[in-house]
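The values are calculated or read from the model by the stated rules, or taken from the named source; none is laboratory data. Since this is a predicted model, take the numbers as computed values, not measurements. Neighbour counts are summed over all protein chains in view; Cβ atoms, including those assigned to glycine, are modelled from backbone coordinates with ideal geometry. What goes into the accessible areas is simple: the full protein's heavy atoms, side chains included, and nothing from ligands, DNA or RNA. Shrake-Rupley method; radii C 1.70, N 1.55, O 1.52, S 1.80 Å.
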Amino acid sequence: MIPEYMTAMVFEDINVIRARQVPTPKPGRGEALVKIMASGLCITDVHVLQGAFAHSKPPCVLGHEIAGQIVAFGEEQPWPHSLKLHQRVVIETMIACGQCPQCLSGFKNLCENGGDIGEPPFQGGYSEYITMPVGNLHPIPDNMSYEEAAIFESFVCPVGGLDRIGMKQGDTVLVQGLGPAGLAFIQGAKVMGAGRIIVSDPDEKRLALGKKYGADICVNPGKQDLYQIVRGETNDKGVDICCEASGAEKAYQACFDLAKKNGKLIFYGIPKDSHKTRFDVTQVIIKQLNLYGTSGAPWAWEPVLKLYGQGKYNIKDMVTHTFELTQIEDAVKTLNDPESGAVKIVLYSSNNRKTGG
């Protein structure tokens with residue numbers, strides 16, 4: 001039975017988020033009502049809560065990494081679909097119009113008329129229920145838990161970024177920053193046939209995870225010379241692809257320095273210093289570098305889910321902590337604490353914890 005009211009964690013002001021009883025949304029035409037089983041705590045939402053990233057403005061419900069179960073459809077469905085009641089699904093993040101030039105070119109994450117879940121007017125997943133266009137719902141493979149599905153968005157975006165740039169068999173890849181995105185870059189590069197994967201992170205625990213996920217060479221830049229190691233491994237030519245997932249200015253500079261001529265740079269980590277950093281324009285010109293920003297990958301959801309179902313990827317070990325939805329402030333503190341070892345944190349509503357899958 002669907003309750004009339006539900007619990008939602010409402011972002012009310014900078015560093016203020018509270019549990020509120022709000023009306024349970026009702027699905028409209030072309031929509032489904034999803035009972036949220038698990039939500040991933042994204043560092044972007046933490047930055048929003050702390051006022052460091054003006055991506056969403058209060059009051060609103062944040063959260064764009066969502067997995068759950070379909071519990072109702074709108075009365076009118078304008079097109080046939082294969083989804084069923086009680087089906088387990090993961091929710092694609094971008095609400096798109098499907099008609100603008102960006103949508104028609106395959107980049108609905110850049111829709112000119114839509115927006116992100118968790119950014120008004122679209123409410124997010126730190127709640128018990130959410131309505132969503134059926135086109136945003138993807139069935140979860142049988143071997144994927146709700147926990148894993150909840151953080152799938154943070155995995156598919158980096159992997160889709162590699163797919164977009166046309167990575168080739170045998171490419172040498174450098175990944176800087178081994179948070180969730182960096183670990184996803186490693187796995188994506190491995191599955192796509194990378195020749196060697198070099199990773200860099202100052203945290204030894206993260207480096208161990210990188211090794212576990214398939215990195216060939218692990219570098220702690222606080223103790224080792226990343227430049228010397230990369231140049232030695234590439235005969236001074238540089239790497240084919242640099243994936244920046246830390247947001248650190250030194251790491252961005254290393255991308256320009258360590259990419260080979262005509263190399264490809266994928267920028268994913270948002271810089272921490274007012275979200276700005278310097279670009280080495282001269283090297284871009286002289287080395288004819290190719291720069292790619294990546295924030296979404298709508299074309300990659302179905303293929304990556306299929307590969308996950310075939311056992312090609314491991315997301316399970318990326319979930320290091322779980323909290324009740326109403327403990328989100330404790331979850332934020334844990335994610336911000338370098339000593340916690342947190343990689344990805346998943347939130348459950350108290351009613352759904354036992355059925356989290």
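See the values below:
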read-out: The lone exception for Met132 - which of (1) crowded, with 21+ Cβ neighbours inside 10 Å; (2) assigned to a helix (DSSP H, G or I) it fails; value: (2)
read-out: All positions within region 264-303 that are hydrophobic (A, V, I, L, M, F, W, C) and under 19 Å from Gly179 (Cα atoms); value: Leu265, Ile266, Phe267, Ile270, Ala297
read-out: Some residue of region 30-44 being more than 30 Å from Tyr268 (Cα to Cα), open to solvent by 10 Å² or more (accessible area, probe 1.4 Å) and in a loop (DSSP other than H, G, I, E, B); value: no
read-out: Among (1) touching a residue at least 24 places away in the same chain (Cβ under 8 Å); (2) open to solvent by 40 Å² or more (accessible area, probe 1.4 Å) - the single one Val173 does not satisfy; value: (2)
read-out: Residue ID - most open to solvent (accessible area, probe 1.4 Å), chosen from residues in region 49-62 that are at pLDDT 85 or above and either in contact with a Phe, Trp or Tyr (Cβ under 7 Å, 6 or more places away or on another chain) or hydroxyl-bearing (Ser, Thr, Tyr) (or both); value: Pro59
read-out: Filtered residue count, region 84-106, keeping only those that are open to solvent by 60 Å² or more (accessible area, probe 1.4 Å) and in a loop (DSSP other than H, G, I, E, B); value: 5
read-out: Unmet criterion (only one of (1) out of contact with any Ser or Thr (no Cβ under 8 Å at 6 or more places or on another chain); (2) at pLDDT below 95; (3) under 25 Å from Ile43 (Cβ atoms)) for Ile270; value: (1)
